[in-house]
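Chemist: Just passing along the structure, written as structure tokens.
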Amino acid sequence: MPRHEVVSPIPGVFYRRPDPDSDPFATEGQNVGADDTVCLVEVMKSFHQVPAGAAGTVVEFLVENEDVVDAGQVVAIIDGAGDGG
Amino acid sequence: MRRLLVANRGEIAVRIIRAARDLGISTVAVHSTADAEAPHVRLADAAVEIGPPQATKSYLVVDAILEAARSSGADAVHPGYGFLSERAAFAAAVTDAGLTFVGPDAAVIEEMGDKVRARQVARAAGVPTVPGTEDGVDDVAAAVAAAADIGYPVMLKAAAGGGGRGIRVVADEAELRSGFPAASAEAASAFGDGRMYLERFVRRARHVEVQVLGDGDDVVHLFERECSLQRRRQKMVEEATAPGIDADVRAAMTDAAVRLSREVGYRSAGTVEFLVDDDADESSDQRFFFIEMNTRIQVEHPTTELVTGVDLVAEQLRIATGEPLRLRQDDVTARGSAVEFRICAEDPDRDFLPAPGKVGRVSLPGGPWVRVDTWLEPDSQVSPFYDSLLAKVVVWGEDRETALRRSRRALAEFAVDGVATTAGMFTELLDEPWLQAGDFHTGTLEGWLGRRRAAADQGGHGS
């Protein structure tokens, strides 16, 4: 079963929710599409949506909400769907 | 006031520390772990680390700042701009801790921070506000009646909405009658509330703001700044005073700002923002409208300092100690013209993508009548955690043409290696005849940026 790594393209602060009062974009065990946003990274007060990048099931998030991430850091793992694995 | 804690970072922290030092007040810097090497930390007499890089865990933590004030023996706090500067609860917490807050009273921050309340205060002071409905309207007949009072064109906004959704502009009664039901239905489905606010739509609006200083009893104005050159509501270039403003509009607007500030017993430096309607008839009494009041020092304050010769931050500090205003209105004169360019770590050729990173060489402009407010130095780290402002290049000239010509020279001297900046784009902007003529409004810069991008895309395909 193909594992897909969701990578932050930029350094900044990692967020699981669109705003503090909303539900998370995605939770562990949830199915997502490739274009679905799974998190935000805030850089210099601007927010960048990070898409899943592959359709499948969210296996885990590797970063806590509001943690600092580097460019290129893996923030979540997606278990690729559709191959019966 | 003997020891001032500066609850901020970046260029404004440096600016405030300098003003305090000029007055013989010692200073305390606070900083996150990411800013341990920052110039504001080095420049201050003492420094206290207040938390990790994220602003929500450091510069925005009230208790951490109060604890830093206590441990360092500070007796006053300057909030700068942004961060906690317009949070009434912070001002109150500082005062409750027995410290001097450099800014207006918490109650005034709260009052002016509430849009509805601020409009009421403006009207009480006889200051014009954008004509509009106070309550939501939910049927066509009521909308038509309201619009007749407001005057066309009218903007329809969902009463429960936000973020620009459901906003539409109607030119006349026929368009209102045909457009209202759909707009209301859209609002009902999006927000569960079909009521609409109606407000005068100003097609060619300038953003002009008046600088004031008050001591709680008296208020003076220090003329106005033109701040229409914005991208996504962020100002990029500002100037003092505003070009192309009629003398009678300037007089009425500065007078209105003083009346409004007196109405709330304003004490500190503040800014009253207005929208100026360029299309309004000269005989109209509706040529400018109050938008909001900013109860803090502003990013663009140096332009006012260069034309008036008044150190606004020093005056803020003096007022905070309880001194009465040193200026009478007749003492304040504006000479020449000053322009500020906000140089940010953003790439204008990639849709203003933030550009954090390590800086190499830094070459800052200088020479006659060029002021650079910055925190940048060689080998600085431009952090992803804070705003992208690297430097403010502020240029004075005996007239606007001279100031713009000198700006071109100054901006050409600006060079940093390692990160993308907006400096080069400003030199292109200075070539624009509409900019040189002062002929622009709040939509002009975005239009220009759109054309600039389209031209670059075309050039890219052609090569």
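Chemist: Only one of these is open to solvent by 10 Å² or more (accessible area, probe 1.4 Å), aliphatic (A, V, I, L, M) and assigned by TED's automatic domain parsing to the domain that holds B:R400: B:A252, B:A242, B:A269, B:A256. Name it. Walk me through it before giving the result.
Modeler: On the way: B:A242 fails: open to solvent by 10 Å² or more (accessible area, probe 1.4 Å); B:A269 fails: open to solvent by 10 Å² or more (accessible area, probe 1.4 Å); B:A256 fails: open to solvent by 10 Å² or more (accessible area, probe 1.4 Å).
Testing whether each residue is open to solvent by 10 Å² or more (accessible area, probe 1.4 Å), aliphatic (A, V, I, L, M) and assigned by TED's automatic domain parsing to the domain that holds B:R400 leaves just B:A252.
Chemist: Please indicate, with yes or no, whether at least one residue in segment A:57-64 is free of Cβ contacts under 8 Å to residues at least 12 places away in the same chain and within 14 Å of chain B (Cβ to nearest Cβ).
Modeler: At the first step, the residues of segment A:57-64 found to be free of Cβ contacts under 8 Å to residues at least 12 places away in the same chain are none.
No, segment A:57-64 has no match at all.
Chemist: Filter segment B:19-35 down to residues that are of a type in the set (D, E), touching a Ser or Thr at 6+ places or on another chain (Cβ under 8 Å) and surrounded by fewer than 22 Cβ atoms within 10 Å (Cβ to Cβ), then give me how many there are.
Modeler: Step one: filter segment B:19-35 for residues of a type in the set (D, E), giving B:22, B:35.
Checking the rest, the ones that are also touching a Ser or Thr at 6+ places or on another chain (Cβ under 8 Å) come to B:35.
Those still in the list that are surrounded by fewer than 22 Cβ atoms within 10 Å (Cβ to Cβ) too: none.
Within segment B:19-35, residues that are of a type in the set (D, E), touching a Ser or Thr at 6+ places or on another chain (Cβ under 8 Å) and surrounded by fewer than 22 Cβ atoms within 10 Å (Cβ to Cβ) number 0.
Chemist: Restricting to segment B:325-343, and then to whatever is open to solvent by less than 20 Å² (accessible area, probe 1.4 Å) and within 14 Å of B:G424 (Cα to Cα), can you tell me which residue is farthest from the other protein chains (Cβ to nearest Cβ)? Quick ask: steps written out before the conclusion?
Modeler: Filtering segment B:325-343 down to residues open to solvent by less than 20 Å² (accessible area, probe 1.4 Å) leaves B:332, B:337-341, B:343.
Subset that is within 14 Å of B:G424 (Cα to Cα): B:341, B:343.
On the way: B:F341: 18, B:I343: 14 Å.
Looking at residues that are open to solvent by less than 20 Å² (accessible area, probe 1.4 Å) and within 14 Å of B:G424 (Cα to Cα), I get B:F341.
Chemist: So which of B:A403, B:A420 ends up being assigned by TED's automatic domain parsing to the domain that holds B:D379 and open to solvent by 20 Å² or more (accessible area, probe 1.4 Å)?
Modeler: Working: B:A403 fails: open to solvent by 20 Å² or more (accessible area, probe 1.4 Å).
Exactly one of B:A403, B:A420 is assigned by TED's automatic domain parsing to the domain that holds B:D379 and open to solvent by 20 Å² or more (accessible area, probe 1.4 Å), namely B:A420.
Chemist: Look through B:L66, B:L99, B:L84 and report the one residue that is within 26 Å of B:A29 (Cα to Cα), within 20 Å of the chain's Cα centre (by Cα) and aliphatic (A, V, I, L, M).
Modeler: On the way: B:L66 fails: within 20 Å of the chain's Cα centre (by Cα); B:L99 fails: within 20 Å of the chain's Cα centre (by Cα).
Just a single option satisfies the conditions, and that option is B:L84.
Chemist: Against the definition (of a type outside the set (G, A, S) and either under 25 Å from B:E346 (Cβ atoms) or touching a helix residue (DSSP H, G or I) at 6+ places or on another chain (Cβ under 8 Å) (or both)), how does A:V68 come out, yes or no?
Modeler: On the way: of a type outside the set (G, A, S): yes; either under 25 Å from B:E346 (Cβ atoms) or touching a helix residue (DSSP H, G or I) at 6+ places or on another chain (Cβ under 8 Å) (or both): yes.
Yes.
Chemist: Within segment B:302-316, how many residues are of a type outside the set (D, E), farther than 21 Å from B:A252 by Cβ and touching a strand residue (DSSP E or B) at 6+ places or on another chain (Cβ under 7 Å)? Walk me through how you get there before you give the answer.
Modeler: Start the filter on segment B:302-316 by keeping residues that are of a type outside the set (D, E), which leaves B:302-304, B:306-310, B:312-314, B:316.
If we keep only those that are farther than 21 Å from B:A252 by Cβ as well, we get B:302-303, B:306, B:309-310, B:312-314, B:316.
Right, trim to touching a strand residue (DSSP E or B) at 6+ places or on another chain (Cβ under 7 Å) and you get B:302-303, B:306, B:310, B:312, B:316.
Counting residues in segment B:302-316 that are of a type outside the set (D, E), farther than 21 Å from B:A252 by Cβ and touching a strand residue (DSSP E or B) at 6+ places or on another chain (Cβ under 7 Å) gives 6.
Chemist: Also, I was wondering about something else. Hey, A:E5 hits all of (1) open to solvent by less than 40 Å² (accessible area, probe 1.4 Å); (2) under 12 Å from the mean Cα position of the chain (by Cα); (3) of a type in the set (D, E, K, R) but one; which does it fall short on?
Modeler: All conditions pass for A:E5, except number (1).
Chemist: Still on this model: Could you tell me which of the residues A:A52, A:A76 is open to solvent by less than 30 Å² (accessible area, probe 1.4 Å) and touching an Asp or Glu at 6+ places or on another chain (Cβ under 6 Å)? If you could, list the steps in order and put the result at the bottom.
Modeler: Values: A:A76 fails: touching an Asp or Glu at 6+ places or on another chain (Cβ under 6 Å).
Matching residue, one of A:A52, A:A76: A:A52.
Chemist: For segment B:1-113, which helices (runs of 4 or more DSSP H) that fit wholly inside it have 2 or more residues that are within 20 Å of A:M44 (Cβ to Cβ)? Reasoning before the result, please.
Modeler: Working: elements: B:10-22, B:39-43, B:62-72, B:88-96, B:106-113.
Of the helices (runs of 4 or more DSSP H) lying wholly inside segment B:1-113, those with at least 2 residues that are within 20 Å of A:M44 (Cβ to Cβ) span B:10-22, B:39-43.
Chemist: Separate question: Looking only at residues that are within 14 Å of another protein chain (Cβ to nearest Cβ) and acidic (D, E) in segment A:19-49, which one is surrounded by the most Cβ atoms within 10 Å (Cβ to Cβ)?
Modeler: Among those residues, the one meeting the criterion is A:E42.
Chemist: List, please: which pairs have Cβ atoms under 7 Å, are six or more places apart or on different chains, and start with a residue in segment B:96-122 that is in contact (Cβ under 8 Å) with a residue 60 or more places away in the chain and end with one that is part of a loop (DSSP other than H, G, I, E, B) and basic (K, R)?
Modeler: That search, which allows pairs on different chains as well, returns B:G103/B:R296.
Chemist: Continuing with the same structure: Quick check on B:L364: is it modelled with pLDDT of 95 or more and either open to solvent by less than 20 Å² (accessible area, probe 1.4 Å) or touching a Pro at 6+ places or on another chain (Cβ under 8 Å) (or both)? Walk me through it before giving the result.
Modeler: Values: modelled with pLDDT of 95 or more: yes; either open to solvent by less than 20 Å² (accessible area, probe 1.4 Å) or touching a Pro at 6+ places or on another chain (Cβ under 8 Å) (or both): no.
Considered against the rule, which asks whether it is modelled with pLDDT of 95 or more and either open to solvent by less than 20 Å² (accessible area, probe 1.4 Å) or touching a Pro at 6+ places or on another chain (Cβ under 8 Å) (or both), B:L364 comes out as no.
Chemist: Restricting to strands (runs of 3 or more DSSP E) lying wholly in segment B:154-237: which have 2 or more residues that are more than 30 Å from B:V264 (Cα to Cα) and not assigned by TED's automatic domain parsing to the domain that holds B:T321?
Modeler: By residue number, B:154-158, B:168-170.
Chemist: Only one of B:G366, B:G357 is within 14 Å of another protein chain (Cβ to nearest Cβ) and touching a residue at least 40 places away in the same chain (Cβ under 8 Å); which? Give the derivation first.
Modeler: Numbers: B:G366 fails: within 14 Å of another protein chain (Cβ to nearest Cβ).
That would be B:G357, the only listed residue that is within 14 Å of another protein chain (Cβ to nearest Cβ) and touching a residue at least 40 places away in the same chain (Cβ under 8 Å).
Chemist: Taking the condition touching a residue at least 12 places away in the same chain (Cβ under 8 Å) and within 14 Å of chain B (Cβ to nearest Cβ), does A:V74 pass? Give the steps one after another, and end with the answer.
Modeler: Working: touching a residue at least 12 places away in the same chain (Cβ under 8 Å): yes; within 14 Å of chain B (Cβ to nearest Cβ): no.
Considered against the rule, which asks whether it is touching a residue at least 12 places away in the same chain (Cβ under 8 Å) and within 14 Å of chain B (Cβ to nearest Cβ), A:V74 comes out as no.
Chemist: Still on this structure, please answer the following. Here are B:G179, B:G194: which of them is open to solvent by less than 30 Å² (accessible area, probe 1.4 Å), modelled with pLDDT of 90 or more and over 30 Å from B:S388 (Cβ atoms)?
Modeler: One residue alone meets the criteria, B:G179.
Chemist: Considering only segment B:313-333, I want to know if a residue exists there that is on the phi > 0 side of the Ramachandran plot and in contact (Cβ under 8 Å) with a residue 12 or more places away in the chain.
Modeler: Step one: list which residues in segment B:313-333 are on the phi > 0 side of the Ramachandran plot, which gives B:322.
Then keep just the ones that are in contact (Cβ under 8 Å) with a residue 12 or more places away in the chain; that gives none.
No, segment B:313-333 has no match at all.
The values are calculated or read from the model by the stated rules, or taken from the named source; none is laboratory data. Computed from a prediction, not measured in an experiment: that's the story for all the values here. Positions of Cβ are generated from backbone atoms using ideal geometry, with glycine treated the same way; all protein chains shown enter the neighbour counts. Accessible surface areas use protein heavy atoms only, side chains included; no ligands, DNA or RNA. Shrake-Rupley method; radii C 1.70, N 1.55, O 1.52, S 1.80 Å.
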